[in-house]
Every structure is written in C-alpha cells, then in structure tokens.
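A.B. asks: The structure under discussion is supplied below as structure tokens; questions concerning it will follow.
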Amino acid sequence: MEARLNPFGSPLTGKFLRSLRAAGAVLAESGLPSTTQELVKIRASQINGCGFCTDMHVKEAAHAGETSLRLNLIAVWREATVFTEAERAALEVTEQGTRIADAAGGVTDEAWAEAAKHYDEEQLGALVSLIALINAYNRLNVIVRNPAGDYQVGQFG
C-alpha cells in the first residue's frame, strides 16, 4: 500500500504539518499526564481507523514504558480494569469528542463532569485540544491512505 499523497511533499502541506507538530509540542508540555495523552491519541486513532497514527502512538507509548497489557486493552477500556478512573474519564471524553457525528450534542455533561473530577481547567483545555489535534491528524492520514507499520519511534523528532 502506498499513500495517495506525501503530505511533506509540498510547501503548503509541509507548513501545515509543522504547525500541527508545534501545537502538539505545546500540549506535550501541558499538565495533562503523558500516559493519558498517548491513550487519548491511540483511542481516537482506533475509532477513526487511522492505522498510521495507531501504529505511531502504540510504538511511542511502548517506548515510554506503557505495558503491552494496557496497550492491548485500550479498544475495550470500559471492560478493562487496568486503567485509572482519571484515564477512563479522559477516554470517555475522547470517544464522545471523536464520535461527534454519532451523538447529537457531542460530549455529555456527565462525561465532562467526570473528567472535571480528575483534571483541572488547564488539563481539561489540554485534553480538548489534544482530541481535536489527533482527530485532525487522523483525518489527514486516512484521506491520503498513509499506510501503517513502518513508523520508527522518534521518526518525527
């Protein structure tokens, strides 16, 4: 499988991707735990069918010390006992925020209130921004059919 388009191949899309990467760097430095950030990126990527981003973030999370058990259970996090209550709240907001078209009204008040029990306003802002960012990356990679499997940890430095 070959991508339809190399997003780094033109000045315009290259500049756009550098802007997205800069936004990601801001979020990486936020108070939202890095483990939670990777779980959010993986779950949104799974929902969106983005093989490239799923591959990338699973490898990055494993490299950062995430266990294979937790990585294998992200897709079924509701039935798994290996995630904290805070992580579960973030995953719920991620799912609802990613599936906006499937649920009129977007994220429910209940999901938001549960997340607010575990994260302060700055962290909630980072969570919302991260969900929006990974969804943008997912859509770009799905549209161009960027294939999964070849990502190397740290590839985008």
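The values are calculated or read from the model by the stated rules, or taken from the named source; none is laboratory data. Here the structure is a predicted model, which is why all the values come from computation and not from measurement. Because the Cβ atoms are built from the backbone with ideal geometry, glycine has one as well, and the counts that use them run over all protein chains shown.
A.B. asks: Kindly provide the set of residues from the stretch 135-157 that are within 22 Å of Ser10 (Cα to Cα), exposed (fewer than 13 other Cβ atoms within 10 Å of the Cβ) and of a type in the set (S, T, N, Q), ordered by number.
C.D. replies: Answer for the stretch 135-157, where residues must be within 22 Å of Ser10 (Cα to Cα), exposed (fewer than 13 other Cβ atoms within 10 Å of the Cβ) and of a type in the set (S, T, N, Q): just Gln155.
A.B. asks: Here's something else I'd like to know. Does Ser34 count as within 18 Å of Tyr137 (Cβ to Cβ) and either touching a Pro at 6+ places or on another chain (Cβ under 8 Å) or surrounded by 19 or more Cβ atoms within 10 Å (Cβ to Cβ) (or both)? Full working, then the answer.
C.D. replies: Details: within 18 Å of Tyr137 (Cβ to Cβ): yes; either touching a Pro at 6+ places or on another chain (Cβ under 8 Å) or surrounded by 19 or more Cβ atoms within 10 Å (Cβ to Cβ) (or both): no.
Considered against the rule, which asks whether it is within 18 Å of Tyr137 (Cβ to Cβ) and either touching a Pro at 6+ places or on another chain (Cβ under 8 Å) or surrounded by 19 or more Cβ atoms within 10 Å (Cβ to Cβ) (or both), Ser34 comes out as no.
A.B. asks: Now for a different question. Just checking, how many residues over the stretch 102-126 are more than 18 Å from Ser34 (Cα to Cα), without any contact (Cβ under 8 Å) to a residue 12 or more places away in the chain and over 18 Å from the mean Cα position of the chain (by Cα)? Outline the logic, then answer.
C.D. replies: Filtering the stretch 102-126 down to residues more than 18 Å from Ser34 (Cα to Cα) leaves 102-114, 117.
Still in the list and also without any contact (Cβ under 8 Å) to a residue 12 or more places away in the chain: 102-106, 109-110, 113.
If we keep only those that are over 18 Å from the mean Cα position of the chain (by Cα) too, we end up with 102-105, 109-110, 113.
Counting residues in the stretch 102-126 that are more than 18 Å from Ser34 (Cα to Cα), without any contact (Cβ under 8 Å) to a residue 12 or more places away in the chain and over 18 Å from the mean Cα position of the chain (by Cα) gives 7.
A.B. asks: Then there's this: Yes or no: Phe8 surrounded by 14 or more Cβ atoms within 10 Å (Cβ to Cβ) and farther than 24 Å from Gln123 by Cα? Give the steps one after another, and end with the answer.
C.D. replies: On the way: surrounded by 14 or more Cβ atoms within 10 Å (Cβ to Cβ): no; farther than 24 Å from Gln123 by Cα: yes.
No.
A.B. asks: Within the bounds of the stretch 72-82, is there any residue that is among the aromatic types (Phe, Trp, Tyr), closer than 29 Å to Ile143 by Cα and modelled with pLDDT of 95 or more? It would help to see each step written out before you state the result.
C.D. replies: Step one: filter the stretch 72-82 for residues among the aromatic types (Phe, Trp, Tyr), giving 77.
Narrowing the set further to residues that are closer than 29 Å to Ile143 by Cα leaves 77.
Filter once more, keeping what is modelled with pLDDT of 95 or more: 77.
Scanning the stretch 72-82, I find at least one residue that is among the aromatic types (Phe, Trp, Tyr), closer than 29 Å to Ile143 by Cα and modelled with pLDDT of 95 or more, so the answer is yes.
A.B. asks: Same structure again: Report, by residue number, each residue of the stretch 92-113 that is of a type in the set (Lys, Arg) and either assigned to a helix (DSSP H, G or I) or farther than 22 Å from Leu124 by Cα (or both). Lay out the reasoning, then the answer.
C.D. replies: Residues of the stretch 92-113 of a type in the set (Lys, Arg): 99.
Answer for the stretch 92-113, where residues must be of a type in the set (Lys, Arg) and either assigned to a helix (DSSP H, G or I) or farther than 22 Å from Leu124 by Cα (or both): there is none.
A.B. asks: Let me ask something else about it. Could we say that Ala132 is exposed (fewer than 12 other Cβ atoms within 10 Å of the Cβ), assigned to a helix (DSSP H, G or I) and among the hydrophobic types (A, V, I, L, M, F, W, C) here? Step through it out loud before you land on a result.
C.D. replies: Working: exposed (fewer than 12 other Cβ atoms within 10 Å of the Cβ): no; assigned to a helix (DSSP H, G or I): yes; among the hydrophobic types (A, V, I, L, M, F, W, C): yes.
Criteria not met by Ala132.
A.B. asks: Kindly list, by first and then second residue, each pair from a residue in the stretch 1-17 that is in contact (Cβ under 8 Å) with a residue 12 or more places away in the chain to a residue that is of a type in the set (Val, Ile, Thr), limited to pairs with Cβ atoms under 7 Å and residues at least 6 apart or on different chains.
C.D. replies: Every condition considered, the pairs that remain are Ala3/Val144; Arg4/Val144; Leu5/Val144; Pro7/Thr13; Pro7/Val144.
A.B. asks: Taking helices (runs of 4 or more DSSP H) that do not extend beyond the stretch 29-91, which have at least 1 residues that are touching a residue at least 40 places away in the same chain (Cβ under 8 Å) and within 11 Å of the chain's Cα centre (by Cα)? Can you show your working first?
C.D. replies: Working: elements: 34-47, 51-63, 68-73.
Those helices (runs of 4 or more DSSP H) span 34-47, 51-63.
A.B. asks: Report, by residue number, each residue of the stretch 113-157 that is under 20 Å from Arg4 (Cβ atoms) and of a type in the set (Lys, Arg).
C.D. replies: Result: Arg139, Arg145.
A.B. asks: A further question on this structure: Does Leu20 satisfy the criteria of being within 20 Å of Arg139 (Cβ to Cβ), in a helix (DSSP H, G or I), out of contact with any strand residue (DSSP E or B) (no Cβ under 6 Å at 6 or more places or on another chain) and of a type in the set (A, V, I, L, M, F, W, C)?
C.D. replies: On the way: within 20 Å of Arg139 (Cβ to Cβ): yes; in a helix (DSSP H, G or I): yes; out of contact with any strand residue (DSSP E or B) (no Cβ under 6 Å at 6 or more places or on another chain): yes; of a type in the set (A, V, I, L, M, F, W, C): yes.
Judged against the criteria, Leu20 is a match.
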